[in-house]
1. Give me the percent of DSSP beta bridges within the range 198-308 that run antiparallel, rounded to the nearest 5.
2. If R0 is 41 Å, what FRET efficiency do you get for Ala232 and Thr175 from their C-beta distance, rounded to 0.05?
3. Please give the charge dipole size of the range 198-308, origin at the Cα centre, charges +1 on K and R Cβ atoms and -1 on D and E Cβ atoms. Round to the nearest 20 debye.
4. I want to verify the translational diffusion coefficient of the range 198-308 in µm²/s; compute it with Stokes-Einstein, Rh as the Kirkwood radius over Cα pairs, at 20 °C and 1.002 mPa s.
5. Mark the label point 7 Å from the Cα of Gln197 along Cα→Cβ and return the residues of the range 244-264 whose backbone N is within less than 19 Å of it.
6. Projected onto the charge dipole of the range 198-308 (+1 at Lys/Arg Cβ, -1 at Asp/Glu Cβ, origin at the Cα centre), which of Val207, Tyr225, Val305 gives the Cα projection farthest towards the positive end?
7. Less than 27 Å apart at the alpha-carbon level, and either on another chain or at least 8 residues along: which lysines does that give for Lys298?
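No lab work stands behind these numbers, since they all come straight from the coordinates. Just so it is clear, the model here is predicted, and its values are computed rather than measured. Positions of Cβ are generated from backbone atoms using ideal geometry, with glycine treated the same way; all protein chains shown enter the neighbour counts.
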Amino acid sequence: MGRAGRRFSRLVVALVSVFLAGCGAGLSAPGPSGGTVDHAAGVQVVTSITPLADLIRQVGGDRVNVTALVPPGADPHDYAPTPADVRTVSGARLFIANGLGEETYIQKLIRSGGRSDLEVVTLSDGLPVSGRGEGGEGAGNPHMWLAPTYAVHYVEKIRDALSRVDPAGAQEYRTRAQAYIGQLRELDGWIRSQIGQIPADRRTMVVFHDAWPYFCKEYGLDYMYLVSSDQAEPSPQDYANMVQTIRRRHVPAVFGEAGFNPKLVQRLAEDAGVRYVDGLLDDTVGARGAATYLEMMKFDVQTIVNALKERSTP
């Protein structure tokens, strides 16, 4: 996010704080333990993006009611909280964040409007990281969920967090998490078999923004991107070097990503003389027929493999 975006987010948070001060009496009254959860509706959980929401649902089942604040297809880097988000967070028992700068503005929202007993769990804590965080903040690139091996660790943390806030459901959470981890491991094996179809000299993935380091490292792909995690575009010299590298390596295609303006990466494809492939889903469940995390990953892998395994023209 650029300086203007950060100033805008700070303004929104300030307005949210005013909203809280003036409207606090209209929020749900706390229960005896300080909570506002309607247990008949399940444990109220808030997260930032839809892939995380689906992981939580897979573990929580009917015992959990999950809200993702960032709508499918929206850019989470520029998303600003609203008064409706304040009400959502104020009614939650648990906030599950990715961390590493993915939810910088949402963390400010939590401090402004969160409940006193709101537990915040950061899924990336303690995991090995690559690169910088979003907006140049944090200690690493946040996009761990795009590697199913990392998603396994996320599911384990989700299981433990739900068990803490809802001990009565702990056995169910353990059972569901174990079954879903099995599916994630099957997904990992399937991805390896699919990537194996790409000739070794074509395993270079060129994307719009720096979202794929964990995926590419895990599955043996070289990796190039136009826009870094701090949203900085390449210099003219860096751009020219990227065009030359694509040509020299005979990269068949470059990829756009849902939620981002495609113009720059489309121009890169045109300048390099390769095919442009639109719409990888790096933080969106609920688009392009991908209703779950597993379906999102399968869509992405099939898109990547189909584009790279054959030589093509734009």
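1. Just about 10 percent of them are antiparallel.
2. After rounding to 0.05, the efficiency reads 0.35.
3. My answer is approximately 440 debye.
4. Taking Rh from Cα pairs, D becomes 151 µm²/s.
5. 252-255
6. Value computed over the given set: Val305.
7. Lys157, Lys217, Lys263, Lys309
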